[in-house]
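Each remark here refers to the structure printed beneath this line.
The values are calculated or read from the model by the stated rules, or taken from the named source; none is laboratory data. Just so we're clear, the structure is a prediction, and the values are computed from it rather than from any experiment. Don't worry about glycine lacking a Cβ; one is built from the backbone with ideal geometry, like all the others, and counts go over all protein chains shown. Note: accessible area is taken over every heavy atom of the protein model, side chains too, but ligands, DNA and RNA are not part of it. Shrake-Rupley method; radii C 1.70, N 1.55, O 1.52, S 1.80 Å.
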Protein chains: 2
Amino acid sequence: MHKKRVSIRDLAKVLGVTPSTISRALNGHESISVSRRDQIVQLAKELGYRPNQIAKSMVSNKTFTIGLLLPEFTHNYFNNILAGIESVSFQKGYQLFICTSDELKEKEEKSCMAFLNTRVDGVLAAVGNDSDDLSHFETVIEDGTPLVLLDRICEDLNTSYVVTDDFQGSLDAVQYLVQTGCKQILHIKGPEYISTSFNRYLGYVEGLKKNNIPLEENLILMGEDEQFEKKLNQIFDEFEVDGIFAFSDYYAYDAIKVLQKRGIGIPDEVSVIGYADEPIAQYISPQLSTVKQPAFEIGKHAAEILFKMIEEKNTTIMSKQLETTLVIRESTR
Amino acid sequence: MHKKRVSIRDLAKVLGVTPSTISRALNGHESISVSRRDQIVQLAKELGYRPNQIAKSMVSNKTFTIGLLLPEFTHNYFNNILAGIESVSFQKGYQLFICTSDELKEKEEKSCMAFLNTRVDGVLAAVGNDSDDLSHFETVIEDGTPLVLLDRICEDLNTSYVVTDDFQGSLDAVQYLVQTGCKQILHIKGPEYISTSFNRYLGYVEGLKKNNIPLEENLILMGEDEQFEKKLNQIFDEFEVDGIFAFSDYYAYDAIKVLQKRGIGIPDEVSVIGYADEPIAQYISPQLSTVKQPAFEIGKHAAEILFKMIEEKNTTIMSKQLETTLVIRESTR
DNA sequence: CTGTTAGCGCCTTCAG
DNA sequence: CTGAAGGCGCTAACAG
């Protein structure tokens, strides 16, 4: 299949020297005459020599590869994280070994094992919401492979992570809602098992508390609920909701559709705030107010931490929490 | 850094056998007693043995890895391609080595070299629109690494590709426009240098021709034009445009915004058709009619072809062209 | 400055 | 059924 590849031995034979000399020349070692080096480099180019990274890794025990595990790429959020990671890994000369988990634990496990087997130098991962059991990540840690968690924390995992301050972001959103006159605020909650859902919920609760608004259990709706529309309608039948804070822009949009069907004016009668600033936030009408996460920075910081761990063999925990920004558009008063 | 990893030699020592025996047991070879095999497999598990894929690749000259080069992930289209590829690569037990080119030739070249150096078993790539010079892909081909092109064709490259029938898709769109009464159809054209832009343009031209509508140069606008809004307005001042066919959903949306500012009714006065069926098509208002590409299938087919090339050492060209579907929503009559 | 030797972890003959 | 020997491509340590 492959054209026979040229190895340093081939080069050595042509020039009548030993492979070691070739290796030294190609890797910019000290002790080698300039003329010889040039000669070798030149020949390598001519013959289309391509260093076998596999063999190099074999001896150096280093692959210049980092494993990246993300749930999916349909949300712009993860694309931006990827972009942030790439911006630093590319510059460092590392390749990305990307796996998507589809939020499935099974794929997560397989990917982690694949990372270990291929001896990646480090792992970046956003744990899926299907994962209550985290033993595969523990395996990574025990193996001694640096691991940095993205976006979603797992308290049980003793490793660095980079997240945004979901609590504060949500609190900001609710505060804004209250300041602009909302009295009854509905929360559309995210999937269970992921820390972000819970933290945003907590921010919501805190927001109410700070403003002496009693927490009403019936004003909390799961975004993934199969009877979402029906339940939302029931809530509107029963309560005088004038504000909605949703776990995601998509949930917010789902709610907006229901409200529009009911002929409820946004933002006149109900203010709506989403989360994440996905592209659709700008395309829907009214344009959606939302909590913007610094996705690119999350990726960037996570990668930087990981490289610090890899290159400096630094094992201290270096977690980081980034701030969100409230973006006000047309869906709020 | 790493906990010392256990190798087959370690296992061998424990059991007082040779590494060969361990290797045979772990790889399900014939000639080995069942009891011994079980014993070895058991021990491997206990000691957390993890086969060194690097070492395996070294001897087998196979990495079970395929290189994937995509321009970016901000368009849902490429995500779906990725999903299609993954659906087959995952099942085949291959890992994906993903690089994004950001449409930059420099990154494309680097990635190709990285693919070759890490000895991926095959490459899937959508060439960026920045690439007039394709020598890096030729290098891949010459190296003997199977290559399948995605989405965008390069006539000069003698290798398999999987694309959609952009010409037909565009023709369908224009035909629909005409059939629903449009007489003056504007085309918003895509970036130069990529085959899809040209093919969609050709489909537009053919659509006019089939309906005896003269081609009017002034009714063609570049989507990336910096003075897009101004020029579009000029066109509407001068011509009685009643239909728009855009290279992408995003361009279509840009146009819709301009029309709405002008108070032009969609679809009453002007019908609009986009391309790709990006998520925003469903979120904007009016919901956008568009040409849907079978992105998932593109990825799937491309991967299948690649695996055929890899596993059967098949070198014949097996290109494929997939059909599009016209999705009619609210932006057309 | 360059050659020799040994070995990274694994697999594949070839013997026995 | 199992052991011994050699090698995948490259680098590092030690001589010279």
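Observations, loosely collected:
- Condition check for B:GLU30: under 32 Å from the mean Cα position of the chain (by Cα), more than 22 Å from A:ASP143 (Cα to Cα) and of a type in the set (Asp, Glu): no
- A:ILE66 closer than 30 Å to B:LEU82 by Cα and either assigned by TED's automatic domain parsing to the domain that holds A:GLU304 or within 13 Å of DNA strand D (Cβ to nearest atom) (or both): yes
- Residue identified as hydroxyl-bearing (Ser, Thr, Tyr) and over 19 Å from B:ASN79 (Cβ atoms) among A:SER111, A:SER135, A:SER101: A:SER135
- The residue of region A:27-56 that is surrounded by the most Cβ atoms within 10 Å (Cβ to Cβ), among those that are within 6 Å of DNA strand D (Cβ to nearest atom) and in a helix (DSSP H, G or I), is A:LYS56.
- Members of region A:1-26 that are hydrophobic (A, V, I, L, M, F, W, C) and open to solvent by less than 40 Å² (accessible area, probe 1.4 Å): A:VAL6, A:LEU11, A:ALA12, A:VAL17, A:ILE22, A:ALA25
- One residue stands out among those in region A:57-78 that are open to solvent by less than 50 Å² (accessible area, probe 1.4 Å) and either polar (S, T, N, Q) or assigned to a loop (DSSP other than H, G, I, E, B) (or both): the one that is nearest to DNA strand C (Cβ to nearest atom), which is A:SER57.
- Check on B:LEU11, touching a strand residue (DSSP E or B) at 6+ places or on another chain (Cβ under 6 Å) and either more than 8 Å from chain A (Cβ to nearest Cβ) or not in a helix (DSSP H, G or I) (or both): no
- Residues that are under 24 Å from A:LEU171 (Cβ atoms) and open to solvent by 80 Å² or more (accessible area, probe 1.4 Å) do not occur anywhere in region A:301-314.
- Among the residues of region B:249-280, the ones that are of a type outside the set (A, V, I, L, M, F, W, C), open to solvent by 10 Å² or more (accessible area, probe 1.4 Å) and away from chain A (no Cβ under 14 Å) come to 6 in all.
- All told, A:ILE141 meets the bar of being open to solvent by 10 Å² or more (accessible area, probe 1.4 Å), under 21 Å from A:MET318 (Cα atoms), within 11 Å of chain B (Cβ to nearest Cβ) and not aromatic (Phe, Trp, Tyr).
- Checking each residue of region A:41-56 against the condition of being acidic (Asp, Glu), within 9 Å of DNA strand C (Cβ to nearest atom) and more than 37 Å from the chain's Cα centre (by Cα) gives no match.
- Within region B:165-192, the set of residues being in a strand (DSSP E or B) and either outside the structural domain of B:ALA255 (by TED's automatic domain parsing) or open to solvent by 20 Å² or more (accessible area, probe 1.4 Å) (or both) comprises just one member, B:LYS189.
- Among the residues of region A:88-128, just one is touching a residue at least 40 places away in the same chain (Cβ under 8 Å), more than 10 Å from chain B (Cβ to nearest Cβ) and open to solvent by 20 Å² or more (accessible area, probe 1.4 Å), namely A:LYS92.
- Of the listed requirements (1) touching a residue at least 12 places away in the same chain (Cβ under 8 Å); (2) within 16 Å of DNA strand D (Cβ to nearest atom), B:GLY16 misses just one: (1).
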